[in-house]
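Chemist: My questions all concern the structure below.
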Amino acid sequence: MPVSVSLRKDNTLGVELIAEAAGLRGKSLARIRQTSVEEANRSLAEISGDLLDISAVIEPHGAKTITLAIRACADGAEETQLSYDTAERRFWIDRSRSSLDPDVRKGVHGGTVELDGGRLRLRVLLDRSMLEAYVNGTNSLTSRVYPTRQDATGLRLTAEGGAARVLELDVWRMNGAYDTPLTPAAYDPPRPADVDALPNHDFATGDLTGWTVVSGATFSDANVTTRTDWGWGGPFYQAETENDPSGHHLWGFNPDVGGDDATGVLRSATVPLGGDGVVDLLVSGGNDPDRLYAAVVRADDGKVLAKATGRGAEQYRRVVFDLSAHLGERIYVEVVDRAGGGWGHINVDDVNVPVRRE
């Protein structure tokens with residue numbers, strides 16, 4: 001959104017949303033005055049949406065943190081938090097639980113913001129995936145959020161410690177800027193409902209149940225881990241789903257059996273391909289398409305229908321194979337490591353195969 005930049009009376013830079021943005025306000029959803037955070041939150045419980053204009057003025061009164069959660073599910077599985085720490089004088093956006101999609105980058109970003117006369121003044125615009133927050137007329141943060149659940153549209157206000165007071169809290173539905181009708185937000189369509197999943201497709205059991213070690217020593221139960229980083233770098237970004245909140249995944253590097261120099265082949269159960277025939281999985285590790293890869297293989301003749309290798313990095317990326325031409329054929333997923341030396345390993349997680357029910 002366009003912003004207004006000005007020189008404030010204290011010679012600091014002022015950054016605020018342009019006044020004309022108020023012209024996009026539609027139906028008033030909440031008008032809360034002079035109440036506690038708890039009472040304000042009860043009013044917010046009746047409000048939902050992904051096109052919202054929110055304006056708040058809050059006095060901390062000893063509260064350590066004040067948090068407004070947007071795009072929130074009732075159970076908290078998905079939500080994005082806008083928080084202010086009164087002791088550290090810091091405001092931030094926390095996207096750690098913004099999305100259950102393992103491909104969506106998570107994180108926290110923010111910075112120092114002084115209160116305005118002892119008050120937290122907050123203006124938030126929510127426009128589908130776009131989130132813009134303006135704090136005390138001096139700072140702004142813009143972020144993207146991509147929740148997966150259709151019910152991730154709620155609001156929640158909380159405070160830790162003290163007795164924070166909500167002086168003003170208004171919520172409006174936000175209209176479009178053009179003369180085109182607004183349609184509901186788009187969510188990823190669900191996977192086919194008339195199919196089963198590949199046994200232990202995400203290694204949620206914490207071991208190789210449902211998978212078979214065909215050869216070698218590089219793959220074992222010890223390779224299934226919940227580690228979020230590998231000790232000398234950044235995160236894996238493995239899948240963390242409702243069914244596997246611990247984030248189990250298969251890390252192909254096993255230091256107890258030779259590390260990168262160890263080799264082997266791991267195979268899933270053999271299943272009939274069903275549904276829409278689209279197979280997707282997370283892959284990372286070494287880049288060697290001939291000796292280091294995850295493949296979908298036709299069981300009848302051993303033909304590799306599709307495969308993917310890593311990119312010389314531990315961070316997972318999702319690969320998608322459209323195998324609709326092979327519906328009904330019996331297939332299995334094979335993880336192959338025939339490479340040694342640096343980056344001689346491959347990692348796999350969240351192997352989604354639509355399995356035809358027989």
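Chemist: For n ≥ 4 DSSP H runs only, could you compute -39500 (n - 2.57) per run for the chain, divide by its residues and tell me the 222 nm figure to the nearest 500? Working shown, then result.
Modeler: Details: 1 runs with 8 residues, N = 358.
Taking each H run of at least 4 residues, the total per residue is -500 deg cm²/dmol.
Chemist: Sorted by accessible area (1.4 Å probe), largest first, how do 220, 98 line up? Intermediate values should be presented prior to the final figure.
Modeler: Values: 220 35, 98 5 Å².
Of 220, 98, the descending order of accessible area is 220, 98.
Chemist: Separate question: Excluding residue 258 itself, calculate the net charge of residues whose Cβ lies under 14 Å from the Cβ of residue 258, where each Lys or Arg counts +1 and each Asp or Glu counts -1. Don't jump to the answer; show the numbers that get you there.
Modeler: Values: positive: 338; negative: 256, 260, 261, 337.
Neighbourhood net charge equals -3.
Chemist: At a Cα cut-off below 19 Å, give the aspartates and glutamates reachable from residue 27, other chains included and same-chain residues fewer than 8 away excluded.
Modeler: Output for residue 27: 46, 50, 53, 127, 168, 170, 179.
Chemist: I would also like to ask the following. How large is the accessible surface of residue 105 in square angstrom, using a 1.4 angstrom probe and rounding to the nearest 10?
Modeler: Per-residue accessible area (residue 105): approximately 140 Å².
Chemist: Additional query: Which entry in [x] 0.97; [y] 1.21; [z] 1.12 is this structure's computed Cα Rg over 2.2 N^0.38 Å?
Modeler: So the calculated entry is the one marked [y].
Chemist: Quick one: what are the phi-derived ³J(HN,Hα) couplings along the range 284-291, Karplus 6.51/-1.76/1.60 with θ = phi - 60°, whole Hz, x for glycine and proline?
Modeler: 7, x, x, 9, 7, x, 8, 10
Chemist: I'd like the carbon and sulfur percentage of the solvent accessible area for the chain, probe radius 1.4 Å, heavy atoms only, ligands and nucleic acids excluded. Kindly include the intermediate steps, with their values, before the conclusion.
Modeler: Values: 7920 of 16820 Å².
The value for the chain is 47 percent carbon and sulfur by accessible area.
Chemist: Could you compute the net charge surrounding residue 165? Neighbours are other residues with a C-beta less than 14 Å from the C-beta of residue 165; K and R count +1, D and E count -1. Working shown, then result.
Modeler: Numbers: positive: 33, 119, 121; negative: 38, 39, 59, 168.
Residues near residue 165 contribute -1 overall.
Chemist: Could you tell me which of rounded, prolate or oblate describes the range 12-115, using a ≥ b ≥ c as the square roots of the eigenvalues of the alpha-carbon gyration tensor, with rounded for a/c under 1.5 and, failing that, prolate when a/b is larger than b/c and oblate otherwise? Before the final figure, lay out each step's value.
Modeler: On the way: a/c = 1.22, a/b = 1.05, b/c = 1.16.
Rounded shape, in that the Cα axes give a/c under 1.5.
Chemist: Continuing with the same structure: Could you derive backbone 3J(HN,Hα) for the range 264-279 from the dihedral phi with the Karplus parameters 6.51, -1.76 and 1.60 (θ = phi - 60°), listing whole Hz in sequence and x where the residue is Gly or Pro?
Modeler: Calculated HN-Hα couplings, in order: x, 9, 10, 10, 7, 5, 8, 9, x, 6, x, x, 8, x, 9, 10 Hz.
Chemist: Could you sort 128, 97 by accessible area so the largest value comes first, with the probe set to 1.4 Å? The partial results should precede the final answer.
Modeler: On the way: 128 60, 97 110 Å².
Order by accessible area, largest first: 97, 128.
Chemist: At 1.4 Å probe size, with every protein chain present, just tell me what the per residue accessible area of the chain comes to in Å². Don't skip to the end; give the middle numbers.
Modeler: Values: 16820 Å² over 358 residues.
Accessible area per residue, the chain: 47 Å².
The values are calculated or read from the model by the stated rules, or taken from the named source; none is laboratory data. Only a predicted model underlies this, so the values are computations on that prediction, with no experimental measurement involved. Positions of Cβ are backbone-derived with ideal geometry, glycine not excepted, and every protein chain shown enters the neighbour counts. In case anyone asks, the SASA skips ligands and DNA or RNA and just uses the protein heavy atoms, side chains included. Shrake-Rupley method; radii C 1.70, N 1.55, O 1.52, S 1.80 Å.
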